Amino acid sequence: MNAREFSIDVIKQLHAAGFMALWAGGCVRDSLLGREPKDYDVATNATPEQVRELFGHQRTLAIGVSFGVISVLPSAASMKGRTRGLEPIEVATFRRDGGYSDGRRPDSVEFTDAKEDAQRRDFTINGMFFDPLSDSVLDYVGGQEDLHAGIVRAIGDPEQRIEEDKLRMLRGVRFAATFGFSIEARTIEAIQRQAQQISVVSGERIGNELQRMLASVNKTTAAELLLVTGLLPHVLPRSPLADVPTVSSRGIAQLSQLECSQFESAVVALLEPVLGNGENKERATRFSSALQQAWRLTNDQRATIAWIATHWKTLHSADSRPWPMIQRLLIHPAARQAIAVAVAVAGDSDGTALCRQRIEWPENRLNPPPLLDGKDLIDRGIRPGPEFKRVLDSVRDAQLNGDIDCPDAAVQFALQLLEQKE
Ligand code: ATP
Ligand code: MG
């Protein structure tokens, strides 16, 4: 059983118990677009208590119960023949949201019917229901029409809907970019007017939306929309370095030249005018830390952004640099992203051509095991000291350059270096 079948199973059980149950929101939109939904949400007129009673406390979680949402876990039978787990299905009771006072979440909810439930959803394309048992769409908000026309339109009064929940501004941009839709005029005006209010949304939610937008083939459209809506300067960390409005159009042009779809390289291409031109390590380090804080990035993401920002320029001129220096960069896990950034920012060069060719070398040629390590030196009676690392680095350089090719030669070379020093 897959996620889709599991959700239909849940709907059938609710039906059998005399309730109404439908697919709701994003999964309806994605199905109508012929896309694979990320998850299947079910909406019902059963109350949360009735849902728990029907599926049993063992199989249900009440994490979202304050919003009328019960998570239903797959039964042992539905897991038959599966090696990987099915995600729980969220079953939400049709609801109307009470007032919003924090700009993000409703203060209270009241249970109601499908028609009213549609009104609390953010965009018309996200406001439809679908009955998979009769194959019929329930559309109270004109969602089908907007889906066909390619329009992201707030349900109800755009100004008010965004005032209630500022996250909707980023969601709207993400849906428009992902589907290649336009944002309806009054909706985009409302976003433009409230753009700076995006700061009331948690960094985690902002970071999550931006990661989804930038780690995508539609990243350039997303960035353009962030600029047009005025959101871009307000999702970036405040920094004395940032002159965002003037750098952005160049950043977007660079982003559009980026041929990979990974988040970190997209950030560097877009923000290169702020991150620095690839040779100011301190600037890259400082700004990537600010980004980590603002968007709650992992340490790994921060380090990768800083590494790409620091090294892409070296790769761009790889043909005129010592080969061991380039080789050490090419074995870094983010090397491909850095090459893509070098091309996007500074264009193709002999350096990027060299990198692209040599990064395809087999592992044992690109990254051969070192001929010598510290232990080998100690075994030969040499005492660890300040010279150690310098000598080992020089031996590694000589190996990568092809000047030495066996452990004996490496030892000889190391001894020579140590003698010279004395
Ligand atoms: P995706 O899962 O691809 O991000 P989605 O539209 O399914 O898109 P979810 O966060 O899974 O987004 O939410 C499911 C549905 O819940 C949405 O389609 C929408 O109807 C409603 N919804 C989600 N977030 C909001 C919000 N901030 N304001 C109003 N309705 C929302
Ligand atoms: Mg979803």
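The values are calculated or read from the model by the stated rules, or taken from the named source; none is laboratory data. It should be emphasised that the depicted structure is a prediction, and the values quoted were computed from it without experimental measurement. Positions of Cβ are backbone-derived with ideal geometry, glycine not excepted, and every protein chain shown enters the neighbour counts. Calculation scope for accessible area: heavy atoms of the full protein, side chains included, ligands and nucleic acids excluded. Shrake-Rupley method; radii C 1.70, N 1.55, O 1.52, S 1.80 Å.
Scanning the range 84-96 turns up one or more residues that are under 15 Å from PHE6 (Cβ atoms), open to solvent by less than 50 Å² (accessible area, probe 1.4 Å), in contact (Cβ under 8 Å) with a residue 60 or more places away in the chain and part of a strand (DSSP E or B). Of the residues screened, VAL141 is not one that is surrounded by fewer than 18 Cβ atoms within 10 Å (Cβ to Cβ) and closer than 17 Å to GLY26 by Cβ. For the residues GLY347, GLY374, the requirement of being more than 25 Å from the chain's Cα centre (by Cα), over 25 Å from ASP403 (Cβ atoms) and open to solvent by 10 Å² or more (accessible area, probe 1.4 Å) singles out GLY347. Give the residue that is farthest from GLY34 (Cα to Cα), with candidates limited to residues of the range 175-201 that are hydrophobic (A, V, I, L, M, F, W, C) and in a loop (DSSP other than H, G, I, E, B). Filtering the range 175-201 for residues that are hydrophobic (A, V, I, L, M, F, W, C) and in a loop (DSSP other than H, G, I, E, B), the one farthest from GLY34 (Cα to Cα) comes out as VAL201. Taking the criterion of being surrounded by fewer than 16 Cβ atoms within 10 Å (Cβ to Cβ) and part of a loop (DSSP other than H, G, I, E, B), the residues of the range 74-83 that qualify are ALA76, LYS80, GLY81, ARG82, THR83.
Considering the range 123-139, and only residues there that are in a loop (DSSP other than H, G, I, E, B) and within 12 Å of ligand 1 (Cβ to nearest atom), the residue that is farthest from the chain's Cα centre (by Cα) turns out to be MET128.
Restricting attention to the range 11-34, report how many residues are under 11 Å from ILE89 (Cβ atoms), within 16 Å of ligand 2 (Cβ to nearest atom) and over 25 Å from the mean Cα position of the chain (by Cα). Count: 1. Right, GLY172: outside any helix (DSSP H, G or I) and closer than 25 Å to SER101 by Cα or not? So GLY172 does not fit the description; no.
Annotation: PRO37 fulfils all but one of (1) under 28 Å from GLN160 (Cα atoms); (2) within 16 Å of ligand 2 (Cβ to nearest atom); the unmet one is (1). Screening the candidates GLU90, GLU36 for the property of being over 30 Å from GLN197 (Cα atoms), within 12 Å of ligand 1 (Cβ to nearest atom) and touching an Asp or Glu at 6+ places or on another chain (Cβ under 9 Å) yields one hit, GLU36.
The numbered conditions (1) closer than 22 Å to VAL201 by Cα; (2) under 27 Å from the mean Cα position of the chain (by Cα); (3) crowded, with 16+ Cβ neighbours inside 10 Å; (4) not hydroxyl-bearing (Ser, Thr, Tyr) are all true for ARG105 except (3).
The residue pairs whose first member lies in the range 23-36 and is in contact (Cβ under 8 Å) with a residue 40 or more places away in the chain, whose second member is within 10 Å of ligand 2 (Cβ to nearest atom) and part of a helix (DSSP H, G or I), and whose beta carbons are closer than 8 Å, counting only pairs six or more residues apart or on different chains, are GLY25/ASN126; GLY26/ASN126; ARG29/ASN126. When every residue of the range 159-166 is checked against the conditions, at least one turns out to be basic (Lys, Arg), crowded, with 19+ Cβ neighbours inside 10 Å and assigned to a helix (DSSP H, G or I). The residues listed here are ALA223, ALA190, ALA215, ALA195; of these, the one that is crowded, with 18+ Cβ neighbours inside 10 Å, within 12 Å of ARG174 (Cβ to Cβ) and either at pLDDT 95 or above or within 13 Å of the chain's Cα centre (by Cα) (or both) is ALA223. Restricting the range 255-284 to residues that are more than 19 Å from the chain's Cα centre (by Cα) and open to solvent by less than 60 Å² (accessible area, probe 1.4 Å), the residue that is farthest from ASN299 (Cα to Cα) is PRO273.
Residues that are more than 16 Å from ligand 1 (Cβ to nearest atom) and closer than 28 Å to ALA154 by Cα within the range 12-25 comprise just one, MET20.
Among the criteria (1) under 23 Å from the mean Cα position of the chain (by Cα); (2) more than 17 Å from ARG205 (Cβ to Cβ); (3) not assigned by TED's automatic domain parsing to the domain that holds VAL10, the one PRO158 does not fulfil is (1).
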